[in-house]
Amino acid sequence: MDVSSILDGLNAAQRDAVSAPPCSTLVLAGAGSGKTRVLVHRIAWLIQVEGVSPWGILAVTFTNKAAREMRQRIEELLGFPTGGMWVGTFHGLAHRLLRAHWQEAKLPKGFQILDSDDQFRLVKRVIRDLNLDDSKWPPRQAQWFINEQKDEGRRPQHLEDGGDHWRRNMIRIYTAYQAACERAGSVDFAELLLRAQELWRDRPDVLQHYQQRFQHVLVDEFQDTNAIQYAWLRLLAGDRDNLFVVGDDDQSIYGWRGARVENIQDFPKHFPNTQLVKLEQNYRSTGNILRGANAVIANNPERLGKELWTEDGEGEPVRLYAAFNETDEARFVVDRIRAFIDEGHLRAEVAILYRTTAQSRVFEEALLQAGIPYRVYGGLRFFERAEIKDALAYLRQISNPHDDSAFERAVNQPPRGIGAKTLDAVRAHARDFNCSLWQASEDLLRGGGMTPRAAKAVQGYLDIIHEMQAATEDLPLWEAAEHVIHHSRLPEHFKKSRDGKGQDRIENLEELVNATRQFDHEPEENEVMSDLDAFLSHAALEAGDNQAQEYEDSVQLMTLHSAKGLEFPLVFLVGVEEGLFPHSMSAEDPARLEEERRLCYVGMTRAMQQLYLSHAENRRLHGKESYPLPSRFLREIPQDVIEEVRARPAIARPYSPRGGALDDAVESTGFALGQRVTHAKFGEGVILNAEGQGSSARVQVNFESVGSKWLVVAYANLQCL
Ligand code: ATP
Ligand code: MG
């Protein structure tokens with residue numbers, strides 16, 4: 001393979017970055033300018049031209065999906081597999097490191113990962129154990145506090161309360177929580193990063209090994225690294241100039257989770273030989289989309305400042321739809337998607353982006369009704385579903401009986417008659433003797449500290465776990481999973497459930513066995529982790545990824561946050577309303593408002609050809625009804641870029657619509673809005689909307705039989721009633 005194919009399809013600035021002699025590099029550029037592309041080509045260049053082994057490269061990206069795509073694209077460029085290369089998320093890589101060095105990191109061999117929900121439950125328990133009132137000390141806040149400290153690299157002993165009562169209790173909770181994690185051998189997400197950083201800080205021998213191994217370190221989405229991640233990278237780099245980072249300050253959207261955009265500004269200070277690369281040409285979006293996005297982000301002060309341009313034409317206008325309410329919004333979006341698919345496009349070319357996960361439900365329902373396959377990213381994901389977590393809790397218990405979160409979850413699921421009082425006694429004993437719940441149960445049973453009935457029930461649970469341990473010891477992973485699920489009696493329990501979801505849950509449990517069957521565990525050097533433990537970690541870390549589904553052609557639904565780095569020909573950015581976007585929690589605080597604006601910029605720049613923005617005049621969300629104003633971000637988009645899809649008289653519209661287009665369209669179709677019509681196949685309905693002129697004029701009719709449909713007037717043969 002020749003060198004030129006690595007440089008083909010790159011502009012001059014991109015080529016310079018890809019082919020520069022090894023040195024610290026910061027690529028600072030706006031959305032869609034090819035940063036990720038440069039990073040991928042750089043890796044191929046290092047391997048192909050500089051002769052670096054894939055084994056000597058570490059690349060960090062933001063999601064597991066991005067990591068898979070990255071590896072795939074490098075392999076396509078090179079034409080051979082790149083196993084041995086470390087590509088992944090910070091969490092994934094930290095976990096990989098800790099798996100190989102559990103002893104040096106002072107972790108038990110089969111340490112388990114607590115996901116955010118497990119962490120929440122544990123924090124809650126700790127608060128109760130401290131005899132604090134959890135209405136005054138909300139677990140959510142304490143969880144937040146703990147993660148914030150960890151993200152900044154602070155252990156409880158580093159913290160001082162400064163005489164502050166609130167802080168004193170938060171530190172107490174953090175301390176007790178950490179002790180509980182140590183006892184159970186579990187590690188939360190923030191802990192993965194902190195441990196990995198401490199491992200390198202405290203064990204120069206381990207660090208040196210990795211410094212020798214990783215000749216090149218590359219980081220995508222650098223603007224969203226937090227303090228501990230950056231500290232980890234700096235340790236690895238040492239005084240070598242081998243970091244290649246790409247980012248965009250305008251897309252920093254994780255400040256609320258401790259990400260520090262300052263890392264970009266500081267980078268050239270920490271690595272004085274840094275070559276700075278700027279890319280200004282956008283290859284993703286049409287002129288109109290880009291102009292809209294540029295105008296929105298221009299309202300943020302203190303940007304590093306860069307303007308994007310495109311060689312592409314203006315393209316179609318950015319379309320704006322003012323919906324009556326959230327159902328109308330969903331119906332509109334689904335109609336457009338249907339029309340798009342009918343034109344021969346793939347479903348996967350479409351994304352619906354929203355600010356909060358709760359918004360997805362209405363769209364899911366509309367898509368289901370329309371029979372259009374879809375996939376939700378970042379919602380309640382496979383490994384986070386209750387029944388899956390129940391089954392995983394059993395697997396975790398057999399792997400490590402002292403895993404308290406697993407104990408809490410499995411001990412009475414399915415119910416086996418262990419009362420709240422009995423469990424309280426077990427918890428109290430665990431607290432008093434600083435031992436695990438499992439240990440406490442054994443102690444109490446041995447010491448006769450339970451009523452005969454309670455003792456029988458608790459003993460029953462311990463016996464089940466012992467039996468599972470013995471029976472699965474020599475089984476391959478999937479058979480072990482099957483055995484455990486069967487003997488947990490969860491399927492029988494769900495079969496009896498009356499919530500109508502029993503069958504779904506049973507199928508999900510079957511799918512879990514499938515997942516273990518497909519699970520491919522590639523052990524690291526020095527690694528001793530069993531297949532089961534590796535699978536459990538995988539379940540916690542890759543919760544969002546059900547890879548099998550990824551191959552089905554489906555409409556993509558996700559939050560704006562999870563859309564980072566991705567692109568789609570057709571994008572719907574929905575719920576663009578005050579209170580929702582910008583979110584009510586951020587509107588008052590200038591710094592947070594700017595982050596919301598960056599989020600808007602991220603959302604708009606995901607679109608390649610068509611971008612629709614929508615807001616509802618009446619919205620029911622979380623069971624509450626509101627009449628939100630259109631978002632201020634809409635006002636920041638130049639009027640001549642926008643086309644209103646429907647110029648209905650809107651309530652309190654602070655920007656002046658361009659108007660005209662719809663009136664013309666209505667006139668040219670010969671129908672009036674609200675007119676009743678009849679159609680040979682669909683029966684009676686009402687004209688809701690119209691667009692286009694002459695032979696391409698179309699009307700939207702809400703039929704009583706089939707709901708709303710867009711029809712080409714010239715073919716529909718509609719009769720007025
Ligand atoms: P984001 O900030 O959203 O992550 P990015 O800067 O990483 O964006 P890429 O995703 O790498 O941008 O590139 C955007 C699109 O432009 C991709 O489809 C990519 O393949 C294409 N692209 C980038 N550079 C070129 C080029 N020189 N010629 C043609 N297409 C390009
Ligand atoms: Mg990118």
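The values are calculated or read from the model by the stated rules, or taken from the named source; none is laboratory data. Source: prediction; values computed, not measured. Reconstructed Cβ throughout: ideal geometry from the backbone, glycine too, with neighbour counts over all protein chains shown.
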Q: Would you point out which residue out of F222, F214, F189 is within 16 Å of ligand 2 (Cβ to nearest atom), aromatic (F, W, Y) and in contact with a helix residue (DSSP H, G or I) (Cβ under 8 Å, 6 or more places away or on another chain)?
A: F222
**Q.** Selected residue (only one of L107, L58, L93 is in a strand (DSSP E or B), within 28 Å of the chain's Cα centre (by Cα) and farther than 22 Å from L7 by Cβ)
**A.** L58
(Q) For the stretch 1-54, which positions are surrounded by 23 or more Cβ atoms within 10 Å (Cβ to Cβ), farther than 19 Å from F80 by Cβ, of a type outside the set (A, V, I, L, M) and modelled with pLDDT of 95 or more? (A) Q14, T25, G32, S33, G34, K35
(Q) Can you say whether Q359 is polar (S, T, N, Q) and either crowded, with 20+ Cβ neighbours inside 10 Å or over 15 Å from V555 (Cβ atoms) (or both), as far as the supplied structure shows? (A) yes
**Q.** Candidate set: the stretch 276-306, residues that are part of a strand (DSSP E or B) and within 16 Å of ligand 2 (Cβ to nearest atom); chosen: the one surrounded by the fewest Cβ atoms within 10 Å (Cβ to Cβ)
**A.** K278
Q) When residues of the stretch 188-247 are filtered for being within 28 Å of Q112 (Cβ to Cβ), within 16 Å of ligand 1 (Cβ to nearest atom) and in a helix (DSSP H, G or I), how many remain? A) 1
Q: Filter the stretch 30-51 down to the residues that are part of a helix (DSSP H, G or I) and within 14 Å of K278 (Cβ to Cβ), then identify the one that is nearest to ligand 1 (Cβ to nearest atom).
A: K35
Q. Are there any pairs, at least 6 apart or on different chains, whose C-beta atoms fall under 8 Å, with the first in the stretch 226-237 and at positive phi and the second in a helix (DSSP H, G or I) and surrounded by 19 or more Cβ atoms within 10 Å (Cβ to Cβ), and if so, which?
A. none
Q) In the stretch 222-249, what residues are of a type in the set (D, E, K, R) and out of contact with any Gly (no Cβ under 6 Å at 6 or more places or on another chain)? A) D224, R234, D239, R240, D241, D249
(Q) If I filter the stretch 555-606 down to residues being within 16 Å of ligand 1 (Cβ to nearest atom) and assigned to a strand (DSSP E or B), which single residue comes out as surrounded by the fewest Cβ atoms within 10 Å (Cβ to Cβ)? (A) P569
Q. What residue, among those in the stretch 408-443 that are in contact with a His (Cβ under 9 Å, 6 or more places away or on another chain) and more than 30 Å from G502 (Cα to Cα), is surrounded by the most Cβ atoms within 10 Å (Cβ to Cβ)?
A. S441
(Q) Among the residues of the stretch 68-79, are any free of Cβ contacts under 8 Å to residues at least 40 places away in the same chain, more than 26 Å from the chain's Cα centre (by Cα), assigned to a loop (DSSP other than H, G, I, E, B) and away from ligand 2 (no atom under 16 Å from the Cβ)? (A) no
Q: Considering only the stretch 512-536, state which residues are among the small types (G, A, S) and either at pLDDT below 85 or farther than 22 Å from P401 by Cα (or both).
A: A515, S530
**Q.** Enumeration of residues in the stretch 243-258 that are surrounded by 22 or more Cβ atoms within 10 Å (Cβ to Cβ) and either free of Cβ contacts under 8 Å to residues at least 12 places away in the same chain or away from ligand 2 (no atom under 15 Å from the Cβ) (or both)
**A.** L243
Q.
Among the numbered criteria (1) surrounded by 17 or more Cβ atoms within 10 Å (Cβ to Cβ); (2) charged (D, E, K, R); (3) free of Cβ contacts under 8 Å to residues at least 12 places away in the same chain, which one does R446 miss?
A. (1)
**Q.** Output for the stretch 110-135, where each listed residue is among the charged types (D, E, K, R), modelled with pLDDT of 90 or more and in a loop (DSSP other than H, G, I, E, B)
**A.** D133
Q. What are the pairs, 6+ residues apart or on separate chains, where a residue within the stretch 589-600 that is under 15 Å from A295 (Cβ atoms) has its Cβ under 6 Å from a residue that is β-branched (V, I, T) and buried (at least 22 other Cβ atoms within 10 Å of the Cβ)?
A. R598/I253; C600/V296
